[in-house]
Amino acid sequence: MNSSSDDRPGPADSPDHPLRDAHAAFIAAWGDMATTWGVPRSMAEVHALLFIDGGSFNTDQLMARLGISRGNASMTTRTLVEWGIVQRSHCKDDRRDYFRAEQDVWRLFATVIRTRKRREVDPLVALVDRCRAAASKVSQDASSDASERTRDFERKLEDILRFTQLFDVLASRYLAGEADGLLDVLVSMERSP
């Protein structure tokens, strides 16, 4: 573990360290970005600190560095560990837990994508399937006006399903370790008008 794993501040904690302002800017920007995705700011800031510093921090160090409460630090680190983007470890001479973020960006985002897909996309696909089944029953028994509305509803559901299937293919390809192939696809999409 680096110097962040004991009670001494890490190098970027020093007021005259050239990376201090850059670290602070990254942590703040990561927090701002995460709030737009519905992730609590403090959770994003804890993750950003652990990621950008690269070392291991205990709860007391996270509280001091980010100005958060013990309860917030504990709840946040527990959630980040559950997501699989932070690991918990112990030092043999210290009873405290230490936390370190995944340092490989591809693995980090793969874990986030896998977790969000399981929590958000998979339930959406299941909901669309249930709605399609219900709409299919309605279209069999409906009047012509209701049939038109039902067909419109079915078309929208089909569009959502196609989009989620495309997302699933891209996510699966990325999660399968085909990052270079995914990058090629994204670069070609970017070049297309």
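The values are calculated or read from the model by the stated rules, or taken from the named source; none is laboratory data. Just so it is clear, the structure is predicted and the values come from calculations on it, not from any experiment. Please note: Cβ atoms are built from the backbone with ideal geometry, for glycine as well, and neighbour counts cover all protein chains shown.
If you go through the range 151-167 one residue at a time, do you hit one that is at pLDDT below 85 and within 28 Å of His47 (Cα to Cα)?
Checked against the condition, which is being at pLDDT below 85 and within 28 Å of His47 (Cα to Cα), the range 151-167 yields at least one hit.
Of the conditions (1) surrounded by fewer than 17 Cβ atoms within 10 Å (Cβ to Cβ); (2) not assigned by TED's automatic domain parsing to the domain that holds Gly31, Ala110 fails just one. Which one is it?
For Ala110, the failing item is (1).
Determine, yes or no, whether Arg100 is loosely packed, with under 14 Cβ neighbours inside 10 Å, out of contact with any Lys or Arg (no Cβ under 8 Å at 6 or more places or on another chain) and not in a helix (DSSP H, G or I).
Working: loosely packed, with under 14 Cβ neighbours inside 10 Å: no; out of contact with any Lys or Arg (no Cβ under 8 Å at 6 or more places or on another chain): yes; not in a helix (DSSP H, G or I): yes.
Taking the combined requirement at face value, the residue does not satisfy it.
Each row is one residue, and each column tells you yes or no for (1) buried (at least 16 other Cβ atoms within 10 Å of the Cβ); (2) touching a residue at least 24 places away in the same chain (Cβ under 8 Å).
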| site | (1), (2) |
| --- | --- |
| Ala29 | no, no |
| Pro40 | no, yes |
| Met43 | yes, yes |
| Ser56 | yes, yes |
| Ile68 | yes, yes |
| Gly71 | no, no |
| Arg78 | no, no |
| Arg95 | no, no |
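So Ala64 clears everything in (1) within 25 Å of the chain's Cα centre (by Cα); (2) closer than 30 Å to Leu170 by Cα; (3) of a type outside the set (D, E, K, R) except one condition, right? Which one?
Of the numbered conditions (1) within 25 Å of the chain's Cα centre (by Cα); (2) closer than 30 Å to Leu170 by Cα; (3) of a type outside the set (D, E, K, R), the odd one out for Ala64 is (2).
I'd like the full set of residues that are closer than 15 Å to Leu80 by Cα and in a helix (DSSP H, G or I), limited to the range 23-42.
Across the range 23-42, the qualifying residues are Trp30, Gly31, Ala34, Arg41, Ser42.
May I ask you to list the residues in the range 67-84 that are of a type in the set (Ser, Thr, Tyr) and under 21 Å from the mean Cα position of the chain (by Cα)?
Residues satisfying the conditions are Ser74, Thr76, Thr77, Thr79.
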